[in-house]
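Below is one structure; the comments refer to it alone.
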């Protein structure tokens, strides 16, 4: 049996060497107070990753200009660890990723998790 936690650290080291620092914004649900909705305070974290073009073959979902992947979407591959080395929570659709000065809305989330241990995250982002 492999040590997948070590593989996650190795993947993180590779993203740190070859990637860029990403800013992740996890949207939080709001609350209702006196009938008025108060927006939730987002959680902001940083992680290392890369962003590149996306194809249907990369993710095995949808088709270009289909409902899941559209022309111009970007593939964001990132470490399973934040910039401090702690495990990242899974992002959800509509959370935000700032990469290279561009903010992307998350449209699809996939994980690479051999043995149930997340080694890296693979997202589809849309401007």
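Since every read-out is calculated from the coordinates, none of them should be taken as a lab result. Because the structure is predicted, anything quoted here is derived from the model rather than measured. Don't worry about glycine lacking a Cβ; one is built from the backbone with ideal geometry, like all the others, and counts go over all protein chains shown.
Worth pointing out:
- For the chain, built as a Gaussian network whose Cα springs stay under 10 Å, the top-fluctuating residue of 28, 46, 20: 28
- Ranked list, fewest to most other Cβ atoms within 10 Å of each Cβ, for 105, 79, 71: 71, 105, 79
- When 98, 81, 88, 24 are arranged by Cβ crowding within 10 Å, least crowded first, meaning fewest neighbours, the order is 98, 88, 81, 24.
- FRET efficiency estimate (nearest 0.05) - Cβ-Cβ, residue 37 to residue 71, R0 35 angstrom: 0.55
- Per-residue ellipticity at 222 nm, computed for the chain from helices alone with -39500 (n - 2.57) per DSSP H run of at least four residues, works out to -4500 deg cm²/dmol.
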